[in-house]
Amino acid sequence: MSLEIYVTANGFYKWSEFTVSRQFPEMAALMSLSELERWQIRQWVQMCGDPLRLAHPDNQVIIHSCKRSPELNAAVKGSKSSQHLNASAVDFEMLNKTPEYVFCWMMDHYIPYRQLICYPKHGFIHHGWNVPGKSYKRQSIIKGD
Ligand SMILES: [Zn+2]
């Protein structure tokens, strides 16, 4: 298990999964991760990504978006203060599980978050976590539309 390729020794996530975009793959291909961004992504995998997979061995986690360059963030109409800009938020879904299920699982298992937003109709969860230099927050929302 190479930690050059995988984020942790569990091997559930590759670094390359955190610089993706379905809508704008050509913009995503231009992005790379700084040391600080890698550290933050490792935090996510340790506090959320790996525990989710360890508890659900048959359900892959599909990352829709983590890091966004300013160009990519503008293209997807992200907020100007988006946590995606410094790779401290992950949009993801879990195969064969509803976003509501994953949202409740995260709450039930005390997964830390700054902003946890469930988008049932769009089929994913936005999970931003608290990092130094960004105001502390703890907000969870299930979006109706
Ligand atoms: Zn997001």
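What follows is calculated from the coordinates using simple rules that are stated; it is not laboratory data. Since we're looking at a predicted model, the values are computed, not measured. For neighbour counting, all protein chains shown are included, and Cβ atoms are generated from backbone atoms with ideal geometry for every residue, glycine included.
Brief remarks on what is shown
- Potential lengthening of the chain between K80 and D108 amounts to 7.0 nm, from the contour at 0.36 nm per residue minus the alpha-carbon distance.
- For the range 15-142, lysine pairs with C-alpha atoms less than 18 angstrom apart, excluding pairs fewer than eight positions apart on the same chain, total 6.
- Cα centroid separation, the range 9-51 to the range 68-109 (Å): 12
- DSSP-loop trypsin sites (Lys or Arg not before Pro) across the range 57-145, with at most 13 other Cβ within 10 angstrom: K77, K80, K121, K137, R138, K143
- Once C-alpha pairs closer than 8 Å and six or more residues apart are averaged by separation and normalised to the residue number of the range 1-111, the relative contact order reads 25 percent.
- 5 angstrom amide H check on S65, placed H, neighbours 5+ away: D91
- In the chain, helical runs assigned H by DSSP with n ≥ 4 each contribute -39500 (n - 2.57); averaged across all residues and rounded to the nearest 500, the mean residue ellipticity at 222 nm is -6500 deg cm²/dmol.
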